[in-house]
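Asker: Structure incoming, see below.
Every read-out reported here was derived from the displayed coordinates using simple, explicitly stated rules and does not represent laboratory data. Because the structure is a prediction, the values reported are computed rather than measured. Heads up, the Cβs are rebuilt from the backbone with ideal geometry, glycines too, and the neighbour counts pull from every protein chain shown.
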Amino acid sequence: MSFENKIAVITGGAHGIGKCIADLFRKHGTAVCVIDRTPGDWFVGDIADKAVLEDFAEYVIREYGHVDYLINNALPLMKGIESCTYEEFQYALAVGVTAPFYLSKLFSRCFAEGASIINISSSRDRMSQPQTESYSAAKGGIAALTHAMAMSFAGRVRVNAISPGWIEVNGEHWEGPDAAQQPVGRVGEPEDIANMALFLCSEKAGFITGENICIDGGMTKQMIYHGEHGWKLE
C-alpha cells in the first residue's frame, strides 16, 4: 500500500482521532494538510464558516494541485434538547454535515485518480444517550451523506464512513466495568480508527464504497436485558 507523493486533507486534525490519522498518513509518506480551529502549524479556521472553507480549498489547490484523500473528521457540538439553542444546533450541522459536503464539492474537480473520501461518523448515528441531539443528528447526517456522495462520485472517488464507538483520546487507561462491558474487553484507541482510514484509502479497499464501518468493540451488537448475563439496572 503506497501512500507516498499523495495529498491528504484532514479536518479537525490537531487533536484526538484526527491527529492520529494525520500522523499515520505522514508516517506512510503522505503530505497532510490539516484545518483546525486550534491555533498551530496548520490552516487555522472554523469550518462552519463558508468563507473559511473556500479559502482553505483555494489554499490546498494552490499549494498541492490535487487531493488524494479527504478525511472529514471535525467534531460537531454535542448538546441536548433541553439546552441546545437553535443557533447551536445549526452550528453542529454546519460542522458535521454541511462542511463535509461543501469541501467535497470544492475539491470535486481536483480529486486525483483513485481518490477516497472518509467521513467520520459515530456509533451514535444508530444509538443515543439522552441530551445528545445536536451531535447525533450531525453524525446521522454524515452517515447518509456518505452513501449519497458515493453514488454521485461513482467511478471517480470512493466514499466511505467510519463510525467510532468509545475511543479514548486523552491517554487514560480504562479498566473494570468500563473495559469489561466491551465485547472485545477494552476501550477503543485512536489508532483503531486511523488504521481503518488508511486501509479504506488504499488500493486494497478498491471494491468498497458507500459503506459505513462501525468500530466500537462490538457494543452496538450487544443485546442488554436487566437481570440477564450479569446486566443490572440500578
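Asker: Classify the stretch 109-149 as rounded, prolate or oblate, taking a ≥ b ≥ c as the square roots of the eigenvalues of its Cα gyration tensor: rounded when a/c is under 1.5, otherwise prolate if a/b is larger than b/c and oblate if not.
Answerer: It comes out prolate by the Cα gyration axes.
Asker: For residue 210, what residues show an amide H to amide H distance below 5 Å, using hydrogens built from the backbone and excluding near sequence neighbours?
Answerer: Those lying under 5 Å, H to H, from residue 210 are 159, 160.
Asker: Taking θ as phi - 60°, what are the ³J(HN,Hα) couplings along the stretch 29-44 by the Karplus curve (6.51, -1.76, 1.60), each to the nearest whole Hz, with x for Gly and Pro?
Answerer: Once θ is set to phi - 60°, the couplings for the stretch 29-44 become x, 8, 7, 10, 10, 9, 10, 7, 6, 5, x, x, 8, 7, 6, 9 Hz.
Asker: Same structure again: How large is the helix-only mean residue ellipticity at 222 nm for the chain, computed as the sum of -39500 (n - 2.57) over DSSP H runs with n ≥ 4, divided by its residue count, in deg cm²/dmol to the nearest 500?
Answerer: Calculated mean residue ellipticity at 222 nm is -10000 deg cm²/dmol.
Asker: Using only C-alpha positions, report the orientation-averaged shadow area of the convex hull of the chain, nm², one decimal.
Answerer: Hull-based average projected area comes out at 13.8 nm².
Asker: Same structure again: So for 6, 19, 50, fewest C-beta neighbours within 10 Å to most, what's the order?
Answerer: Final ranking by Cβ density, sparse to dense: 50, 19, 6.
Asker: Please list, ordered by chain and number, the residues whose modelled amide H lies under 5 Å from the amide H of residue 163; skip anything fewer than 5 residues away on the same chain.
Answerer: Residues meeting the criterion, in which the H sits 1.01 Å from N, are 121, 213, 214, 215.
Asker: Using only the alpha-carbon atoms, how far is helix 190-200 inclined from the longest principal axis of the chain? Give it as 0 to 90 degrees, nearest 10.
Answerer: For 190-200 against the chain, the angle is about 50 degrees.
Asker: Got the relative contact order for the stretch 7-221 handy, in percent, Cα pairs under 8 Å and 6 or more residues apart?
Answerer: In percent, rounded to a whole number, it is 21.
Asker: Something else: Could you tell me the number of lysine pairs in the chain with C-alpha atoms less than 25 Å from each other, where the two lysines are 8 or more residues apart or belong to different chains?
Answerer: Close lysine pairs under the 25 Å cut-off: 18.
Asker: Taking the Cα centre of the chain as origin, work out the dipole magnitude from +1 charges on Lys and Arg Cβ and -1 charges on Asp and Glu Cβ, in debye rounded to 20. Kindly include the intermediate steps, with their values, before the conclusion.
Answerer: Numbers: 19 positive and 29 negative charges, 139 e Å.
Charge dipole of the chain: 660 debye, to the nearest 20.
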